[in-house]
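Since the structure comes first, as structure tokens, the remarks are kept for the end.
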Amino acid sequence: MGRRLLIGAGIAAAFVSGMVYAWRIAFVDGTELLFNSGWWLVLLAPFAGALAAGLTRRKNPVIEGDRVLRHDGAAILEHWTHGIGTAVLIVTGLALGALFIPSLLAKQQVWAVMNVHFVAVVMFLFGTFYYGVNTLLSWQRFREHLPTANAIKFTVQHYGRLLGNKKYDMPPEDKYFESEKMAYLLALVATATVIITGLLKAAAHVISIPGAVMGAATLVHDVATLGMLAFFLAHVLFAAILPMGWPMLRSMFTGYVSVEHAKAEHAGWYRRLVKPAVVPSEPKKDRNAA
Amino acid sequence: MTDKEPKQVTRREFVTSVGGVGVGAVLGGVFLKGFLLPDQVLAVPASEGYLLVDTKKCAGCSSCMLACSLVHTGETNLSTSRIQIVNDPFVAFPNGVTQEQCRQCPFPACVEACPTGAMHVDTANGNVRTVDPAKCIGCERCIGACPFSPARVQWNSEEKHAQKCDLCADAPFWSDKGGVGGKQACVEVCPMHAIAFTKNVPLQNGDAGYQVNLRKGSVVWKAIGMPDGDNGEYASTPG
């Protein structure tokens, strides 16, 4: 826990310092656009994420007394770096995207907001590539996120029950709800699109990219941002605002949920944890899972 | 002696090495560029064409602005003209009207300020300084960077991008050839012949190189009793 706090505090301090520097250098000094002078950080972040993932030893979920380890340190790190990066990117991206309808920003603020966007890009790329490579090293974590044949049935049952329809029982959801798994696909496509088009836009600060490519990349980037926004709002609503998500939110800091919670909300997952032998998707040749 | 099986590289070893080499390459490159290579400077070729104006001759009719807008956008809209006519009612004739044209600066501050390369030197069209609208992100740094007032780069509020004079190199609504090897709509349409085109780099000292006397030697101008001196005075006896 002490090590986790230390890493978290270090990353938070770097992020906040970066934001202050980004704002100051543009808004107060009015001299520098970080996409021009610090472009190499955009290149560095994905490699740093991959390296960190390669050096990380993951811990699989396990029942420990009356609690269940749901999120190991790596899950917490990738979630918050990706999530906070995404939040800042969406806010600054919307402000920059609304420059023409009419502008929400004064002229000098555009520069400062672009710099803040840059800092969030670095954080977001690190978190996303850390997650992506972690997933590459442990495919069962990816498979857990994909919808199954029960997707529609479980979702109707789950939310039918939450809405008070007594004919439905809580379905035996796995580690993730089937509704979350469907939303994951949207997030996956939107994130991949935003990264590809965003890297093109960042590259345009360093090398010459044809105008037609830039025009298309900008439009696709904007549309994908709206997809991410939709996912982000739903995610925050269900995971942080509605009380039903609070145990999971707590777990994103402590790593643990209670056994009662796991039994009640994720009966399918709990069954797998109790009887690991029935796990059908554990890849035999994956030598890297902890 | 027994044959050992060759050691297989695991997926984890592979991605760790890719990450490590990537981090090393980027940091090494930054170090190399930052400490061992000389700083880059912006060096751009001079434009091969320039607009000259005679503010003493301009009648302020704004025909040049309407023509500029028309050939570039297909509409007569003073707001989308690259050249600007400024009327100052508190200044006496013949100094109350001025034409503010882009100077195609030898060192274009607007090009240097642009973060995306949208404002660029068009080497295919006589090195005219111009905007690629598809690359413009609307930050308006180019407008702020222009050393002249009013800025010779404007915000095109219709099409949402920066715009500036390209000497009609890209004038899609004009059938004549524009650019440094062709015509310029403002020069063609001005009823006072108060705008001229030159391929010679004007004197880069204040306004003198770009605001010239286009009246001198004009028999008509002299005949109607208008001043023909460089500073708006009667240099010769009115005919």
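None of the figures in this text is laboratory data; all of them are computed from the coordinates on show. Predicted model, so just to flag it, every value in this text is computed and none were measured. Every residue, glycine as well, gets a Cβ built from its backbone with ideal geometry; the counts of neighbours run over all protein chains shown.
Looking only at the range B:144-159, which residues are of a type outside the set (Gly, Ala, Ser) and without any contact (Cβ under 8 Å) to a residue 24 or more places away in the chain?
Filtering the range B:144-159 for residues of a type outside the set (Gly, Ala, Ser) gives B:146-148, B:150, B:152-156, B:158-159.
Hit for the range B:144-159 is B:Trp155, nothing else.
In the set (1) assigned to a loop (DSSP other than H, G, I, E, B); (2) touching a residue at least 24 places away in the same chain (Cβ under 8 Å), the condition left unmet by B:Ile137 is number (2).
Among the residues here, B:Arg103 does not qualify as assigned to a strand (DSSP E or B), within 12 Å of the chain's Cα centre (by Cα), within 30 Å of B:Pro191 (Cβ to Cβ) and in contact (Cβ under 8 Å) with a residue 12 or more places away in the chain.
Looking only at the range A:107-118, decide whether some residue is among the aromatic types (Phe, Trp, Tyr) and closer than 25 Å to A:Met248 by Cβ. Taking every residue of the range A:107-118 in turn, none turns out to be among the aromatic types (Phe, Trp, Tyr) and closer than 25 Å to A:Met248 by Cβ.
Applying the set (1) out of contact with any strand residue (DSSP E or B) (no Cβ under 6 Å at 6 or more places or on another chain); (2) without any contact (Cβ under 8 Å) to a residue 40 or more places away in the chain; (3) crowded, with 20+ Cβ neighbours inside 10 Å to B:Cys165 leaves exactly one unmet item: (2). Applying the condition of being touching a helix residue (DSSP H, G or I) at 6+ places or on another chain (Cβ under 8 Å), within 21 Å of B:Cys105 (Cβ to Cβ) and among the hydrophobic types (A, V, I, L, M, F, W, C) to the range B:16-64 and asking which residue is farthest from the other protein chains (Cβ to nearest Cβ) yields B:Cys64. So, in the range A:142-156, of the ones that are in a helix (DSSP H, G or I) and surrounded by fewer than 17 Cβ atoms within 10 Å (Cβ to Cβ), which residue ends up farthest from the other protein chains (Cβ to nearest Cβ)? Going through the qualifying residues, I end up with A:Val156. Within the range A:67-80, can one find any residue that is within 14 Å of chain B (Cβ to nearest Cβ), β-branched (Val, Ile, Thr) and surrounded by fewer than 22 Cβ atoms within 10 Å (Cβ to Cβ)? No, there is no match, as no residue in the range A:67-80 is within 14 Å of chain B (Cβ to nearest Cβ), β-branched (Val, Ile, Thr) and surrounded by fewer than 22 Cβ atoms within 10 Å (Cβ to Cβ).
Here is the figure for the range A:200-228: residues that are surrounded by fewer than 17 Cβ atoms within 10 Å (Cβ to Cβ) and more than 14 Å from chain B (Cβ to nearest Cβ) total 3. Taken over the range A:30-66, the criterion of being in contact with a strand residue (DSSP E or B) (Cβ under 6 Å, 6 or more places away or on another chain) and either surrounded by fewer than 17 Cβ atoms within 10 Å (Cβ to Cβ) or without any contact (Cβ under 8 Å) to a residue 40 or more places away in the chain (or both) is satisfied by A:Val62 alone. Considering only residues in the range B:113-134 that are outside any strand (DSSP E or B) and more than 11 Å from chain A (Cβ to nearest Cβ), the one that is surrounded by the fewest Cβ atoms within 10 Å (Cβ to Cβ) turns out to be B:Ala124. Taking the range B:172-184 as the range and being aliphatic (A, V, I, L, M) and more than 18 Å from B:Ser47 (Cα to Cα) as the test, no residue passes.
Of the residues making up the range A:171-198, those that are in a helix (DSSP H, G or I) and surrounded by fewer than 17 Cβ atoms within 10 Å (Cβ to Cβ) are A:Met182, A:Leu185, A:Leu186, A:Leu188, A:Val189, A:Ala192, A:Ile196. Scanning the range A:27-66 for residues that are under 20 Å from the mean Cα position of the chain (by Cα), assigned to a loop (DSSP other than H, G, I, E, B) and within 14 Å of another protein chain (Cβ to nearest Cβ) yields a count of 3. Does at least one position in the range A:129-141 carry a residue that is more than 25 Å from A:Ser17 (Cβ to Cβ), more than 12 Å from chain B (Cβ to nearest Cβ) and assigned to a loop (DSSP other than H, G, I, E, B)? Looking through the range A:129-141, none of the residues is more than 25 Å from A:Ser17 (Cβ to Cβ), more than 12 Å from chain B (Cβ to nearest Cβ) and assigned to a loop (DSSP other than H, G, I, E, B).
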